[in-house]
Amino acid sequence: MNENVIKIAPSILAADFGRLAEQVEAAQAAGADWIHIDIMDGRFVPNITMGPLVVEAVAKAASIPLDVHLMIVEPERYIQRFADSGASSISVHVEACRHLHRALGQITEAGCRAGVALNPHTPAAAISEIVEMVQIINVMTVNPGFGGQQFIKSTLSKIRSLRKRVNQLGADIHIEVDGGVTGATIGAALSAGASVAIAGTCVFQHDNGIAAGIAELRRAAAKAAHVEDKY
Ligand code: DX5
Ligand code: ZN
């Protein structure tokens, strides 16, 4: 993997839902690598968003991978349903799974890439026993539940230690940063070892449109690729 090329995964949480297909098509045309879909249940997080029907609709509009982030309690009950809806990868939260090992096995069996997500307070060590079962680690850089929040800088050291572990394993595991990713923060995340930047507000609510939002992230990431990790 070329660590200097970060993947951009726009989060449709910040999109205009009345024109969702059109906005997803625009993000794809502007070079988005994946589409990130935030599923919230009003239990694990204090917000309710969308379900499998929306994933199905996005699958019709996009041909790039759909990265489904489950912020729900008992996610194992819905893994198959989201896989059937067109998810390419499914991430479950460490904090939401009583039987994380089993849930990750279910995702793989359903034919998706398995992901594990960590809240800002959850240490990297929480996934040390299952890291070899996943293809994606989602490091939450805000408290999950809402778009448009501030990037929590203290999560950068966790990204760095996970990057070290992944490199030691020599495994093909993506490290995602999720929340508060903008032109001002993507560089630090990339330098710390992230390989996928999830961005909602910065892409779908950019003053100059979706393509400009993605371009801004790419520009900032390209600059950062030449700068030392300063955190
Ligand atoms: C937060 C979600 C994020 C969110 C990111 O719970 O997991 O994916 O949509 O949105 P921004 O980029 O606006 O912080
Ligand atoms: Zn997310």
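The values are calculated or read from the model by the stated rules, or taken from the named source; none is laboratory data. This one's a predicted model, so the numbers in the text were calculated from it and none came from an experiment. Note that each Cβ is placed from the backbone with ideal geometry, even for glycine, and that neighbours are counted across all protein chains shown.
Close contacts from the range 168-180, counting a first residue that is closer than 17 Å to Ala197 by Cα and a second that is more than 16 Å from ligand 2 (Cβ to nearest atom) and aliphatic (A, V, I, L, M), with Cβ to Cβ under 8 Å and a gap of 6+ residues or different chains, come to Asp172/Met1; Ile173/Val131; Ile173/Val166; Ile175/Leu162; Ile175/Val166. Every test in (1) in contact with a strand residue (DSSP E or B) (Cβ under 9 Å, 6 or more places away or on another chain); (2) within 23 Å of Leu13 (Cβ to Cβ) is passed by Gly209 save one, and that test is (1).
Only one entry of Glu95, Glu132 meets the criterion of being in a helix (DSSP H, G or I), more than 16 Å from ligand 2 (Cβ to nearest atom), farther than 24 Å from Ala224 by Cβ and among the charged types (D, E, K, R), and that entry is Glu132.
Would it be correct to say that Phe146 is among the aromatic types (Phe, Trp, Tyr) and surrounded by 19 or more Cβ atoms within 10 Å (Cβ to Cβ)? Against the criterion (among the aromatic types (Phe, Trp, Tyr) and surrounded by 19 or more Cβ atoms within 10 Å (Cβ to Cβ)), Phe146 does not qualify.
Taking the stated definitions as given, is Arg113 free of Cβ contacts under 8 Å to residues at least 60 places away in the same chain and more than 23 Å from Ile48 (Cβ to Cβ)? Judged against the criteria, Arg113 is a match. Taken together, Ile64, Ile37 contain a single residue that is on the phi < 0 side of the Ramachandran plot, out of contact with any Ser or Thr (no Cβ under 7 Å at 6 or more places or on another chain), among the aliphatic types (A, V, I, L, M) and within 14 Å of ligand 1 (Cβ to nearest atom), which is Ile37. Between Ala32, Ala27, Ala9, Ala57, the distinction of being away from ligand 1 (no atom under 14 Å from the Cβ) and under 30 Å from Ala212 (Cα atoms) belongs to Ala57 only.
A single entry from Gln149, Gln135 fulfils the requirement of being in contact with a strand residue (DSSP E or B) (Cβ under 7 Å, 6 or more places away or on another chain) and polar (S, T, N, Q): Gln135.
When Ile107 is tested against (1) over 18 Å from Trp34 (Cβ atoms); (2) part of a helix (DSSP H, G or I), exactly one condition is not met: (1). The residues listed here are Ala117, Ala125, Ala103; of these, the one that is away from ligand 2 (no atom under 15 Å from the Cβ), more than 26 Å from Glu22 (Cβ to Cβ) and crowded, with 16+ Cβ neighbours inside 10 Å is Ala103. Look at Ala21 and say whether it is touching a strand residue (DSSP E or B) at 6+ places or on another chain (Cβ under 7 Å), among the small types (Gly, Ala, Ser), away from ligand 1 (no atom under 11 Å from the Cβ) and assigned to a helix (DSSP H, G or I). Here the answer is no, as Ala21 does not meet what is asked. Among the residues of the range 153-191, those that are buried (at least 18 other Cβ atoms within 10 Å of the Cβ), more than 10 Å from ligand 1 (Cβ to nearest atom) and assigned to a loop (DSSP other than H, G, I, E, B) comprise Ile173, Gly183.
The residues on offer are Phe82, Phe44, and the sole one that is within 14 Å of ligand 2 (Cβ to nearest atom), in a loop (DSSP other than H, G, I, E, B) and in contact (Cβ under 8 Å) with a residue 12 or more places away in the chain is Phe44. In this structure, Ala9 does not satisfy being within 17 Å of the chain's Cα centre (by Cα) and in a loop (DSSP other than H, G, I, E, B). Taken as a whole, the condition of being within 16 Å of ligand 1 (Cβ to nearest atom) and modelled with pLDDT of 95 or more does not apply to Ile130.
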